[in-house]
Amino acid sequence: MEELFEQLDFTINPVFETIIEDIQKQKFSIVDGFFSAEEVVQLRDSLLEKYEADRFKKSAIGNRVNEEIHSEIRGDFILWIDQLKASPTEQLFFNKINELVEYLNRTCFLGILHKEFHYAVYPKGTFYAKHLDTFQNDDRRKLSVVCYLNEANWPKENGGELSLYLDTTEVLDVLPLPCRVVIFESQELEHEVKVVKAAERYSITGWLKSR
């Protein structure tokens, strides 16, 4: 009987269904409007407030237990976001992500139990070389999530595209437009962030993890 009531409470979410269908078909999904323009402004303001307060650190290679800084591989600055200490604006972000995780676990049985997210700032001239979002000693990352917080007038000339290597011959370049979220399989798709040629590139990046 309890299972019946759980099924009755379930409501189909068209956006989440599209994400699931995309990932099953092509290992990635690009969603414009995942967050509203107002939410993106609030999140960008939150990022900038902390960045200007010098709370960010130089990014490193490796997991959070074993990190090494290599500027020739990546050049962004990051600040981890703790959900337990999140501001009201950051909590809005986590509420939407948690909703997605609950939906994925309920419909796809992915077993997502943990998540980790950080703000990321790429100044002019920085990049992140081609890589996979997984480690030899830690394969818990299942889905990578990138939420772009840039201004609406981000032209292609600014660079900073996310390049997804779909196979040996096909590469998809994704512009970091505001309100856009990219979700892809962490252990399957190699990717890179191309050189930022103008302005600064803002995002929240993270992973949905098992176990």
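Filter segment 15-70 down to the residues that are open to solvent by 60 Å² or more (accessible area, probe 1.4 Å), at pLDDT below 95 and of a type in the set (Val, Ile, Thr) and list them by number. The answer is Val65, Ile69.
Picking from residues in segment 174-197 that are assigned to a loop (DSSP other than H, G, I, E, B) and open to solvent by 40 Å² or more (accessible area, probe 1.4 Å), the one that is farthest from Val15 (Cα to Cα) is Lys197. Just one of the listed residues (Thr107, Thr89) is over 16 Å from the mean Cα position of the chain (by Cα), closer than 17 Å to Ile183 by Cβ and of a type in the set (Ser, Thr, Tyr), namely Thr107. For Val171, work out the one condition from (1) within 20 Å of Asp76 (Cβ to Cβ); (2) open to solvent by 50 Å² or more (accessible area, probe 1.4 Å); (3) aliphatic (A, V, I, L, M) it doesn't fulfil. The failed condition is (1). Within segment 77-88, residues that are farther than 13 Å from Ile204 by Cβ reach partners that are among the hydrophobic types (A, V, I, L, M, F, W, C) and surrounded by 16 or more Cβ atoms within 10 Å (Cβ to Cβ) with beta carbons closer than 6 Å, at six or more positions or on different chains, in the pairs Phe77/Phe56; Phe77/Val121.
Selection of segment 138-159 for residues being assigned to a loop (DSSP other than H, G, I, E, B), over 14 Å from the mean Cα position of the chain (by Cα) and more than 22 Å from Lys27 (Cβ to Cβ) yields Glu151, Ala152, Asn153, Trp154, Pro155. Considering only residues in segment 93-121 that are over 18 Å from Leu47 (Cα atoms) and outside any helix (DSSP H, G or I), the one that is most open to solvent (accessible area, probe 1.4 Å) turns out to be Phe109. A count restricted to segment 122-137 and to residues that are in contact with a Gly (Cβ under 9 Å, 6 or more places away or on another chain), open to solvent by less than 40 Å² (accessible area, probe 1.4 Å) and assigned to a loop (DSSP other than H, G, I, E, B) stands at 2. Inspect all residues belonging to segment 107-127 and state whether any of them is more than 29 Å from Gln91 (Cα to Cα) and among the aliphatic types (A, V, I, L, M). No, that holds for no residue.
The values are calculated or read from the model by the stated rules, or taken from the named source; none is laboratory data. Since this is a predicted model, take the numbers as computed values, not measurements. Cβ: placed from backbone, ideal geometry, glycine included. Neighbour counts: every protein chain shown. For accessibility, only protein heavy atoms count, side chains too; no ligands or nucleic acids. Shrake-Rupley method; radii C 1.70, N 1.55, O 1.52, S 1.80 Å.
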